[in-house]
1. Would you check if there is a residue in segment 170-178 being surrounded by fewer than 18 Cβ atoms within 10 Å (Cβ to Cβ), farther than 20 Å from Gln39 by Cα and either among the small types (Gly, Ala, Ser) or without any contact (Cβ under 8 Å) to a residue 60 or more places away in the chain (or both)?
2. Inspect segment 107-121 for any residue being assigned to a helix (DSSP H, G or I) and among the aliphatic types (A, V, I, L, M) and give the result as yes or no.
3. Taking the condition modelled with pLDDT of 95 or more and over 22 Å from Phe144 (Cβ atoms), does Asp96 pass?
4. Go through the residues of segment 123-137 one by one and say whether even a single one is small (Gly, Ala, Ser), in contact (Cβ under 8 Å) with a residue 40 or more places away in the chain and not in a loop (DSSP other than H, G, I, E, B).
5. Can you report the number of residues in segment 151-179 which are out of contact with any His (no Cβ under 8 Å at 6 or more places or on another chain) and assigned to a loop (DSSP other than H, G, I, E, B)?
6. Quick one: which residue in Ile197, Ile213, Ile157 is surrounded by 15 or more Cβ atoms within 10 Å (Cβ to Cβ), farther than 27 Å from Gly124 by Cβ and not charged (D, E, K, R)?
7. Please determine, by comparing only the residues of segment 202-217 that are in contact (Cβ under 8 Å) with a residue 24 or more places away in the chain and of a type in the set (S, T, N, Q), which one is nearest to Tyr158 (Cα to Cα).
8. From the list Ala189, Ala151, Ala111, which residue is out of contact with any Gly (no Cβ under 6 Å at 6 or more places or on another chain) and farther than 23 Å from Leu210 by Cα?
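The values are calculated or read from the model by the stated rules, or taken from the named source; none is laboratory data. These numbers come from a predicted model, not from an experiment. Cβ: placed from backbone, ideal geometry, glycine included. Neighbour counts: every protein chain shown.
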Amino acid sequence: MNTEIPKGSANPISFHRKILVLFAHPSVERSEANRPLAQAAARTEGITLVDLYAEYPTFVIDVDREQKRLLAHDVVVFLHPLYWYSTPSILKEWQDLVLEHDFAYGSKGTALHGKIFFSAITAGGTETAYCQEGYNHFTIRQLFQPLEQMAMLCGMIYLPPFALFGARTAVEEGRIEGHVADWVRVLKALRDDRMDIEAARELSKLNVELDSILKED
């Protein structure tokens with residue numbers, strides 16, 4: 001998979017929003033869920049997909065390059081499996097280095113103000129495990145509050161996670177194709193300004209009620 005795949009043509013279409021998908025999976029060749037999500041994003045017009053593990057195999061992140069990518073896009077998405085209730089390590093490294101004071105936050109750090117941020121995640125456990133009474137004791141949105149606070153500190157608009165639960169059995173249960181189709185619907189709706197952002201912000205997960213927050217073409 002190419003590390004950066006901007007889509008376009010000889011006569012590029014002007015989209016309402018440009019979307020940056022930062023993909024983080026340390027063993028993508030073994031992925032049954034994240035790989036088709038990344039491939040679908042790469043095929044979608046107006047989306048830039050960056051495979052962080054492929055681009056930075058030694059974790060030496062080019063801060064200037066990443067900041068320029070952020071400036072050039074209106075929506076930022078973390079695409080990754082859920083690792084210990086958080087992101088794979090390279091995304092934490094990316095946050096620590098790229099989201100600098102006076103760039104992303106602080107009195108002069110307004111570069112990300114008004115941009116939209118959310119995570120697209122896959123979790124091995126079932127959705128019922130992610131609640132106060134369940135195995136993991138917290139909802140997925142509660143577990144992602146550090147990222148929500150990151151977005152708020154940077155002046156970004158935070159949306160709840162786009163989540164696939166039970167990812168280990170999703171292929172054999174025939175759930176991957178539908179999830180990928182919903183993923184593309186979300187990306188295109190954000191790109192074309194067909195999502196009710198305020199309604200989406202209140203959801204427990206972004207893909208819980210897509211028909212209620214998306215306007216079709």
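1. yes
2. no
3. On the way: modelled with pLDDT of 95 or more: yes; over 22 Å from Phe144 (Cβ atoms): no.
Judged against the criteria, Asp96 is not a match.
4. No - not one qualifying residue is present in segment 123-137.
5. Final tally of qualifying residues: 10.
6. Numbers: Ile197 fails: surrounded by 15 or more Cβ atoms within 10 Å (Cβ to Cβ); Ile213 fails: farther than 27 Å from Gly124 by Cβ.
Checking each option against the conditions leaves just Ile157.
7. Ser204
8. Unique residue meeting the criteria: Ala111.
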